[in-house]
1. Which residues, taken from region 153-184, are buried (at least 18 other Cβ atoms within 10 Å of the Cβ) and more than 19 Å from the chain's Cα centre (by Cα)?
2. Restricting the search to region 437-459, which residues are more than 19 Å from residue 353 (Cα to Cα) and of a type in the set (A, V, I, L, M, F, W, C)?
3. Any idea which of (1) over 21 Å from residue 315 (Cα atoms); (2) touching a residue at least 60 places away in the same chain (Cβ under 8 Å); (3) crowded, with 16+ Cβ neighbours inside 10 Å is the one residue 444 doesn't satisfy?
4. For residue 450, indicate whether it is surrounded by 16 or more Cβ atoms within 10 Å (Cβ to Cβ) and not in a strand (DSSP E or B).
5. Within region 293-351, how many residues turn out to be under 17 Å from residue 435 (Cβ atoms), at pLDDT 90 or above and surrounded by fewer than 16 Cβ atoms within 10 Å (Cβ to Cβ)?
6. Just to be sure before I move on: is residue 372 open to solvent by less than 10 Å² (accessible area, probe 1.4 Å), in contact (Cβ under 8 Å) with a residue 12 or more places away in the chain, among the polar types (S, T, N, Q) and within 20 Å of residue 338 (Cα to Cα) in the structure I sent?
7. Within the bounds of region 35-47, is there any residue that is of a type in the set (Asp, Glu), in contact with a helix residue (DSSP H, G or I) (Cβ under 7 Å, 6 or more places away or on another chain), under 19 Å from residue 143 (Cβ atoms) and surrounded by 18 or more Cβ atoms within 10 Å (Cβ to Cβ)?
8. Looking at this structure, is residue 416 touching a helix residue (DSSP H, G or I) at 6+ places or on another chain (Cβ under 8 Å), of a type outside the set (Lys, Arg) and modelled with pLDDT of 95 or more?
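The values are calculated or read from the model by the stated rules, or taken from the named source; none is laboratory data. Everything numeric in this text was worked out from a predicted model, so none of it was measured. Cβ placement follows ideal geometry from the backbone for every residue including glycine, while neighbour counts extend to all protein chains displayed. For accessibility, only protein heavy atoms count, side chains too; no ligands or nucleic acids. Shrake-Rupley method; radii C 1.70, N 1.55, O 1.52, S 1.80 Å.
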Amino acid sequence: YVAAVYEHESVLSPSPAAPVERRWALQLMARNLDIYEQQALAAARQGAQIIVFPEDGIHGFNFTRSSIYPYLDFVPHSRSGKWNPCREPYLFNDTEVVQRLSCMALKNKIFLVANLGTKQPCERAEPRCPADGRFQFNTDVALAADGTLLATYRKHNLYFEYAFDTPPEPDYAVFDTPFAGKFGMFTCFDILFFEPAVNLIRQYNLKQIVYPTAWMNQLPLLSAVEFQQAFATAFNVNILAANIHHPTLGMTGSGIYTPVKSFIYHNMESYGGKLIVAEIPVITTDYKTNFEKTPGRVSEKGKEQSPPSFHAEMMYDNFTFVPVWGEKGEVQVCANTLCCYLNYRRAVLTDELYALGVFDGLHTVHGTYYVQACALVKCGGLSFSTCGQEVTDATALIDFQLWGNMSTPYIFPLLLTSGITLDFADHMGWKNNHYFLSKNRTSFGLLTAALYGRWYEKD
């Protein structure tokens, strides 16, 4: 099927914390919706059957709970599949945004997924009803090619979004299409957690995911395109990921991903939006996912003395590293119960420092979640203290096999190359209770090769 995602540079409110009238809020949002309209048309002309827009693309961000209120639509959570906002605008008040999205889908005969702020009144006597008598949700809507509202999803894992509430229970949002079957839907930070993302995929055996996001890139392990691809690979799904485009805030990185191919956009230099359209196969067969352990052999390890280990901060976590010196060798490094092993050979010895790092613990900055990671990274300079820094360019071509005795089945294989480009591993999977990733010769210099494990039970 043909899919489209649009990385959108939003027209932002100059002072999001200031109170405004609904009229003014609608005017600002109309400017973003005008751009959406052009892009939906452009995508449809290229044969796209579905288009995905990013999180926060219509209203922007940095609101307070009260200042966002004029920007919120009323979207009934229970009426999915029964209401066509374009054809029945009179059913509910304050639905101007979802009406426009619905008409966009209808006019272009395209399935459309977008993110907006919604409100839902509640009785103060209700448990969890906020003091102001309403819930405010960060909401994705999926609309059919005839404009019908198919599904709504209210973001569960909020990322410092004080204007919004967490829904009482996780939403499992699924909608059906004639061209690719069932799609699941979740937003941004959700991708790092079991609920609802992993549970949704497992419960409904999903093979297609739509993913609006407003992701701030964090190298070396959580760049948007890097993790989006790892997720598609790990779960054997197609992901249509639309990010916002604000390079000054470190936000870029969208793509259409299959488990074996990616069509991506990452651009920190220029401004303006970007439409990606790609034809991808519908995944129907159930390949074995990477979470199922299989017996087998791993090459012998620990023959040579590993070089001295050192500590450095990476992604706000205290990693234990060993330097990766010379043109070839084997190194290992351990922390808590996790040991990481690397067998490597460099094509040409360059004057770049690489290190193999391990972290097995609770990550506590910008969210709390348990990580088990084995990571081969290029350091920022030649001193040990630069390992873990954000690096975007590299020249070293390295053949490697990386493996670790991970305690969780949920391993995201990361492979990032120079200029924030992606590569795919030659082999990966479980052998003898170790997860491994191997690659002969990346196309570009290696930035990161990592096994990023999420141990959800320990969150």
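1. Scanning region 153-184 gives 163, 164, 165, 167, 175, 177, 180.
2. Listed by number, the residues that qualify are 437, 451, 455.
3. (2)
4. Considered against the rule, which asks whether it is surrounded by 16 or more Cβ atoms within 10 Å (Cβ to Cβ) and not in a strand (DSSP E or B), residue 450 comes out as no.
5. Qualifying residue count, region 293-351: 2.
6. Details: open to solvent by less than 10 Å² (accessible area, probe 1.4 Å): yes; in contact (Cβ under 8 Å) with a residue 12 or more places away in the chain: yes; among the polar types (S, T, N, Q): yes; within 20 Å of residue 338 (Cα to Cα): yes.
Spelling it out, residue 372 is indeed open to solvent by less than 10 Å² (accessible area, probe 1.4 Å), in contact (Cβ under 8 Å) with a residue 12 or more places away in the chain, among the polar types (S, T, N, Q) and within 20 Å of residue 338 (Cα to Cα).
7. No, region 35-47 contains no residue that is of a type in the set (Asp, Glu), in contact with a helix residue (DSSP H, G or I) (Cβ under 7 Å, 6 or more places away or on another chain), under 19 Å from residue 143 (Cβ atoms) and surrounded by 18 or more Cβ atoms within 10 Å (Cβ to Cβ).
8. Numbers: touching a helix residue (DSSP H, G or I) at 6+ places or on another chain (Cβ under 8 Å): yes; of a type outside the set (Lys, Arg): yes; modelled with pLDDT of 95 or more: yes.
Spelling it out, residue 416 is indeed touching a helix residue (DSSP H, G or I) at 6+ places or on another chain (Cβ under 8 Å), of a type outside the set (Lys, Arg) and modelled with pLDDT of 95 or more.
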